[in-house]
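A quick write-up on the structure given underneath.
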């Protein structure tokens, strides 16, 4: 959605605190996060530190390291744990994003510190720690029925899905 900066953010500029700019152009500087006379912003003001999300599964053979190609031991595979962590982060914020926007995982710093056997439940949780621009930051962990099995941090960036898809499709055009 494109809007004129003066129409979107008139007054003292305090309204900019909740707007995280996604597209920058021109040379005007209506606010610290934007440098455009005509900009596309997404309101991430509904995202607050402390918001949480979760995801869980019962470990099946399809979730094991041999099945996903990450090892030979029949326990929860690290890539599956990471997928569950990303699902927990999505659960925390995705429903609060405006229509046409989505968050994409960009950074994961995760330890996988304990094995989980087939048949046991695993629950991942993500807590939003901060929002900077269009990047959202999480503290994440995964637990099985007995103990902590993984923890770390995760970052996601909010994108306009149509613009993102168009940019990705341009990669298919020969140079």
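Values in this text are rule-based calculations from the coordinates and carry no lab data. Only a predicted model underlies this, so the values are computations on that prediction, with no experimental measurement involved. All Cβ positions, even for glycine, are placed from backbone atoms using ideal geometry, and neighbour counts span all protein chains on display.
For region 52-128, how big is the tail of P(r) above 19 Å, as a whole percent of Cα pairs?
Numbers: 1155 of 2926 pairs.
Of the Cα pairs, 39 percent sit more than 19 Å apart.
If you take the Cα centroid of region 41-76 and the Cα centroid of region 109-175, the two points sit 7 Å apart.
Place the peptides 149-155, 131-137, 117-123 in order of packing, highest mean first, counting for every residue the other Cβ atoms within 10 Å and averaging per peptide.
Ranked from most to least packed, the peptides come out as 149-155, 131-137, 117-123.
Could you give me D for region 30-175, from Stokes-Einstein at 20 °C and 1.002 mPa s, where the hydrodynamic radius is the Kirkwood radius over C-alpha pairs? Units µm² s⁻¹, please.
Values: Rh = 16.8 Å.
Taking Rh from Cα pairs, D becomes 127 µm²/s.
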